[in-house]
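Below is one structure; the comments refer to it alone.
The values are calculated or read from the model by the stated rules, or taken from the named source; none is laboratory data. Fair warning: this is a prediction, and the values are worked out from it, not measured in the lab. Backbone-built Cβ (ideal geometry, glycine too); neighbour counts: all protein chains shown. For the accessible areas, the whole protein counts, side chains as well, though only heavy atoms, and no ligand, DNA or RNA atoms are used. Shrake-Rupley method; radii C 1.70, N 1.55, O 1.52, S 1.80 Å.
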Amino acid sequence: MSGAASDPGSGHGTPLDELGVIASQDVLVTPTLRHVELYTFRGLLTLLWHEPAGPPVSEDGPAVVLCGGAMGGLLGPANGLYHRLGEELSQRGVPTIRLSYRRPNDLDACTLDAAAAVQFLVGVGASRVVVMGHSFGGAVAVRAAVALPAFVSGVVTFATQSAGCEVAAGLQGRPFLLFHGERDDILPPEASEMVRTIAGCGEVVRLPGDGHLLAKSDHAIWERLESFLPPLLSTALGD
């Protein structure tokens, strides 16, 4: 499936061109969840694609991409937040992709993976994509957004690192929400504050008493996302 997204890497083609997919396969796990595997010479990219239960995505429709941390992973922080988002948003007509990187902890490769996921969604009609990332994935989300300004309409990070976010000024005022636990002993909340300062926009939500996985703050995060996401996605989250 192709889209018009530009390449965040070398500039010599779309993200999928740069990915160099040599084979792929997918299965429908449930009526609204597709498991996709993309084989490349530089690793296997896995996508869990939450598809809308109703009609196909309309032109100018919204979508979401969810990125894990340095070790990869598909559930995200806050007790499986990514799975919950995928299920809830797809029920409201918003396709959502959870991705498992080809080479975790390789910032350039992971950014290309995220950009390719954005391109997949553009290829099915999305034009407003929100990219979210946890920890290392926060830098991936920021970099993908900076590389694809025509398609990425907003960014959410969870306990992001600051390394790799030096380009955050390239968000150019797009909606930007950063969550961070005040007891994060892996990445201190000052990392999110620094990224927001570099970006020159956005809001840092500090979560008292919580650590890097934000396991105590799932309700608080969901409540804040309920007000942040609807203007970008033209849909409301569930309770």
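Table for the structure above
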read-out	value
Qualifying residue in region 159-171 (condition: in contact with a Leu (Cβ under 9 Å, 6 or more places away or on another chain), touching a residue at least 40 places away in the same chain (Cβ under 8 Å) and of a type in the set (Val, Ile, Thr))	no
Some residue of region 211-226 being at pLDDT 95 or above, open to solvent by 10 Å² or more (accessible area, probe 1.4 Å), assigned to a helix (DSSP H, G or I) and closer than 19 Å to VAL140 by Cβ	no
Residue in region 175-188 that is open to solvent by 40 Å² or more (accessible area, probe 1.4 Å), modelled with pLDDT of 95 or more and in a helix (DSSP H, G or I) present	no
Residue list for region 189-210, filter: open to solvent by 30 Å² or more (accessible area, probe 1.4 Å) and closer than 14 Å to PHE136 by Cβ	none
Residue ID - modelled with the lowest pLDDT, chosen from residues in region 15-63 that are closer than 29 Å to LEU213 by Cβ, in a strand (DSSP E or B) and among the hydroxyl-bearing types (Ser, Thr, Tyr)	THR30
Condition check for ASP113: buried (at least 24 other Cβ atoms within 10 Å of the Cβ) and among the charged types (D, E, K, R)	yes
Region 131-165, residues that are assigned to a strand (DSSP E or B), of a type in the set (S, T, N, Q) and open to solvent by 10 Å² or more (accessible area, probe 1.4 Å)	SER153
Only one of LEU121, LEU66, LEU81 that is in contact (Cβ under 8 Å) with a residue 60 or more places away in the chain, buried (at least 24 other Cβ atoms within 10 Å of the Cβ), in a helix (DSSP H, G or I) and hydrophobic (A, V, I, L, M, F, W, C)	LEU121
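Table: residues versus (1) within 14 Å of the chain's Cα centre (by Cα); (2) of a type in the set (A, V, I, L, M); (3) modelled with pLDDT of 95 or more.
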residue: TYR82; (1), (2), (3): yes, no, yes
residue: ASP106; (1), (2), (3): no, no, yes
residue: ALA109; (1), (2), (3): no, yes, yes
residue: ASP113; (1), (2), (3): yes, no, yes
residue: ALA117; (1), (2), (3): yes, yes, yes
residue: MET132; (1), (2), (3): yes, yes, yes
residue: GLN172; (1), (2), (3): no, no, yes
